[in-house]
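Okay, so here's the structure we're looking at.
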Amino acid sequence: MKDQETRQKFIKLRAEGLSFAKIAQELDISKATCSEWQKQYEKEIAKLQKDQLEELYRSYGMLKSQRIASLGSTLQKIDNAIQEADFSSVDPAKLLEIKLKYQDALKGEYIPTSDHTNGEKLDSDKILDQISNLIQRIQTGEVSDKEAGIELKALSTALSVYDKTVLEDKLDNLKEALEG
């Protein structure tokens, strides 16, 4: 029986998207053990993948809470500028227009406060939904080009890792079937 450290390394490597073949070689275990452990530790692997993706989101300022804080801060600055503005020299309509734009953006960030994960696994459909959401936010001007580029890179990486993992699993299964 393999020790717990080997099992933890398996979970980490699998969450990173490595194939059974690469993991088996690196940990000196069989592909059959990898397959068994995949089933046994499926939830742990999915949670680690989710945690890694959330860390990417957090590091690039892509979490909803960070966007809400940023929008709220900007809205507060606009409110302060409106209160201090000399309305004889500043077009108040322009300041109010900007304020309304930020209020709308802030409303767009609202989500009900409940558990949204429900143990869901990361899959290509969810990643593609996030990409579609990003496109909509780009079209409405809710994100800058720089922010969109960073978010798109993270989502593309997540999709690539997911697709690579699925493809490598299928190839491993095909190899096992051919080897008899």
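The values are calculated or read from the model by the stated rules, or taken from the named source; none is laboratory data. Predicted, not measured: the structure shown is a model, and the values here were computed from it. All Cβ positions, glycine included, derive from the backbone under ideal geometry; neighbour counts span all protein chains shown. With ligands, DNA and RNA removed, areas are computed over all heavy atoms of the protein, side chains included. Shrake-Rupley method; radii C 1.70, N 1.55, O 1.52, S 1.80 Å.
A helix-only calculation puts the chain at -25500 deg cm²/dmol for mean residue ellipticity at 222 nm, using -39500 (n - 2.57) for each DSSP H run of at least four residues, averaged over all residues. In whole angstrom, how far apart do the alpha carbon centroids of segment 65-83 and segment 6-59 sit? Cα centroid to Cα centroid, the span is 41 Å.
When you filter the GluC sites (Glu not before Pro) in segment 118-180 for DSSP loop state and at most 12 other Cβ atoms inside 10 Å of their Cβ, you are left with Glu120.
Overall, the accessible surface of segment 1-49 at a probe of 1.4 angstrom is composed of carbon and sulfur to the extent of 49 percent. Give the relative contact order (percent, whole number) for the chain; include only Cα pairs under 8 Å separated by 6+ residues. This gives 28 percent for the chain.
For the chain, the solvent-accessible area works out to 67 Å² per residue, with a probe of 1.4 Å and every protein chain left in place.
Within the straight-line cut-off of under 21 Å between alpha carbons, the lysines reachable from Lys31 are Lys2, Lys9, Lys12, Lys22, Lys39, Lys43, Lys164, Lys170, Lys175, sequence neighbours fewer than 8 places apart in one chain being disregarded. Computed over the alpha-carbon pairs of the chain, the distance histogram in 5 Å steps reads 1, 7, 13, 15, 13, 11, 9, 8, 6, 5, 4, 3, 2, 1, 1, 0, 0 percent, short to long.
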